[in-house]
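First the structure, in the form of structure tokens, and then the observations on it.
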Amino acid sequence: MSAERSLRTSATGIQDPKPVVYVVDDDVSLRESLQAMVEESGFRPEVFASAGEFLRHSRQAIPGCLILDVSLPDLNGLELQRRMGAGQTTLPIIFITGHGDIPMSVQAMKAGATEFLTKPFSPKALLTAVCSAVDRSRECLAEQRVVKTLRDRLESLSRRERDVMALVTQGQLNKQVAATLGISEITVKAHRGKVMRKMKARTLADLLTMAARLREAPEEPNQ
């Protein structure tokens, strides 16, 4: 098993639950129609009549997407998208509207929406968009779990081990690390071995990949 596959396996643990598709639309008939379509397609629907209702609802970190009407009685869809911010990375948005225009759709897509459908749209077009969005959500959540696993492993390192890992992944040789830190090369080798074991890196290439992912990962949101 490759290090990447091993990392994803240890990070995912149990199988994902059934994906959830949130629907926010103030049109009762359309909301009920979308709810039925989502359920028939094998997803779990959760429907809301307003942006406020949706924002007050607690959401689990499971794969899914949001079908969002642009025109709503409180916040409009674009404002809700702005309020979600980085949250839409794991919950991709599919906009639906009866009177969309090109600037509006461009704004939505630039802000991270996965699709912008104008009513009336075909069930097939919407279902295709939902499946694509759920796949994107699943991949994003899986990557977040991998990063969480790497951060946990990094936390297990001592301060000196972190120093050694940082320098090694910057391309320094053992003797250069020793000179930088003012320790012996034998001590560097000992710390380096512990880093490899604790990070569960089989090769230096694995460790370099892990370090790169940690650097590129977004900061964890404040609790």
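The values are calculated or read from the model by the stated rules, or taken from the named source; none is laboratory data. In this text, all values refer to a predicted model and were calculated from it rather than measured experimentally. When we count neighbours, we look across all protein chains shown, and the Cβ atoms used for this are built from the backbone with ideal geometry, even at glycine.
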* To do: Please state which of the following conditions residue 161 fails to meet, knowing it meets all the rest: (1) within 30 Å of residue 63 (Cβ to Cβ); (2) crowded, with 17+ Cβ neighbours inside 10 Å; (3) among the acidic types (Asp, Glu).
  => (1)
* Among (1) at negative phi; (2) within 17 Å of the chain's Cα centre (by Cα), which single condition is residue 85 missing? -> (1)
* Pull up segment 134-158, narrow it to residues that are polar (S, T, N, Q) and surrounded by fewer than 16 Cβ atoms within 10 Å (Cβ to Cβ), then point me to the one that is farthest from the chain's Cα centre (by Cα). => 158
* **Given (1) assigned by TED's automatic domain parsing to the domain that holds residue 63; (2) in contact (Cβ under 8 Å) with a residue 40 or more places away in the chain, number of the condition residue 147 does not satisfy** => (1)
* **Cross-chain or 6+ apart pairs with Cβ under 6 Å, segment 98-110 first and in the same structural domain as residue 78 (by TED's automatic domain parsing), then modelled with pLDDT of 75 or more and of a type outside the set (Ser, Thr, Tyr)** => 98/119; 105/116; 108/95; 108/116
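Here is a yes/no grid of residues against (1) touching a His at 6+ places or on another chain (Cβ under 9 Å); (2) buried (at least 18 other Cβ atoms within 10 Å of the Cβ); (3) closer than 18 Å to residue 157 by Cβ:
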{"position": "170", "(1), (2), (3)": "no, no, yes"}
{"position": "176", "(1), (2), (3)": "no, no, no"}
{"position": "179", "(1), (2), (3)": "no, no, no"}
{"position": "185", "(1), (2), (3)": "no, no, no"}
{"position": "188", "(1), (2), (3)": "no, yes, yes"}
{"position": "195", "(1), (2), (3)": "no, yes, yes"}
{"position": "198", "(1), (2), (3)": "no, no, yes"}
{"position": "201", "(1), (2), (3)": "no, yes, yes"}
{"position": "206", "(1), (2), (3)": "no, yes, yes"}
* Structure fact -> For segment 51-65, pairs from a residue that is among the aromatic types (Phe, Trp, Tyr) to a residue that is not in a helix (DSSP H, G or I), with Cβ under 8 Å and 6 or more apart or across chains, are 54/22; 54/24; 54/48; 54/66
* Going by the structure shown, is residue 164 more than 29 Å from residue 219 (Cβ to Cβ) and among the β-branched types (Val, Ile, Thr)? -> no
* Structure fact -> Scanning segment 170-220 residue by residue, the ones that are in contact (Cβ under 8 Å) with a residue 60 or more places away in the chain and polar (S, T, N, Q) total 2
* Structure fact -> Residue count, segment 133-155, condition closer than 15 Å to residue 89 by Cβ and out of contact with any Phe, Trp or Tyr (no Cβ under 9 Å at 6 or more places or on another chain), comes to 15
